[in-house]
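Structure first, commentary second.
The values are calculated or read from the model by the stated rules, or taken from the named source; none is laboratory data. What you are looking at is a predicted structure, and each value in this text was computed from that prediction instead of being measured. In this analysis, Cβ positions are derived from the backbone assuming ideal geometry, glycine residues included, and neighbour counts consider all displayed protein chains.
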Amino acid sequence: MWSPSGKWIAFFINNHLIANTSRCSLEKSEAAEKYMYFYSVSTSKIIPVQIQNIQPSFAAWSNSDEVLHIVIQGLSSKEEDDDAYRKEWKDVINYRQVKPSERNAIYRMEIDTTESILSAKLNIVYNASLLINELVYVPYEEQLVFTSKSKVFEDLNNFEIYSIHLNQPSSSLLT
């Protein structure tokens, strides 16, 4: 996605995408999943920026090239999810309950563009107990707006819209 100034294109590599460019090839690997990549329009170079051990699923720029908001999936393992799920529900069958891995978090990625090598600092903005489908930055009152849809496929038109005021990070349901 293009930065607000048009100087950068930000992208990430996940399990479903392999990006090839004319100058280099970025293959799917464990190391690739720990980086966000920025393509500089002025230098025609791809610059990796380490983002810890997280893998983004969505991103949205703020008003400037220095802040990018990213959505990541919950960071628990499959075993931790299953254990937490069993402890909470014991022998009760509850297919609608959201497992810990079906949660998302929104991070604020502050990018330092003053050096020739980019660096980033991540801060959590919001932990969501739902799956985020889309993320949009709204400059008016500095808000993030996101949609959420249930994983239960009974009604595919059933979704909700939330907003987060970045000055006081609490979400409010819009629909």
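Considering only segment 159-175, how many residues are under 18 Å from residue 61 (Cα atoms), modelled with pLDDT of 70 or more and not in a strand (DSSP E or B)?
Looking only at that region, the number is 2.
Which one is surrounded by the fewest Cβ atoms within 10 Å (Cβ to Cβ) among residues in segment 100-130 that are in contact with a Ser or Thr (Cβ under 7 Å, 6 or more places away or on another chain) and modelled with pLDDT of 85 or more?
In this case the residue turns out to be 112.
Looking only at segment 26-42, which residues are in a loop (DSSP other than H, G, I, E, B) and modelled with pLDDT of 90 or more? Before you say what the answer is, go through the steps one by one.
To start, the set of residues in segment 26-42 that are in a loop (DSSP other than H, G, I, E, B) comprises 27-31, 41-42.
If the condition is that a residue be in a loop (DSSP other than H, G, I, E, B) and modelled with pLDDT of 90 or more, then 41 is the only one that fits.
Show the residue pairs that are 6+ apart or on different chains and have beta-carbon atoms under 8 Å apart, the first residue being within segment 1-23 and within 13 Å of residue 47 (Cβ to Cβ) and surrounded by 15 or more Cβ atoms within 10 Å (Cβ to Cβ), the second being modelled with pLDDT of 85 or more and polar (S, T, N, Q).
7/40; 7/42; 8/40; 10/3
Hey, can you tell me all the residues within segment 131-142 that are buried (at least 17 other Cβ atoms within 10 Å of the Cβ) and under 24 Å from residue 40 (Cα atoms)?
135, 137, listed by residue number.
Here's a check for you: in segment 143-158, which residue that is surrounded by fewer than 15 Cβ atoms within 10 Å (Cβ to Cβ) and either at pLDDT 80 or above or of a type in the set (Asp, Glu) (or both) is farthest from residue 69 (Cα to Cα)?
Here the residue is 154.
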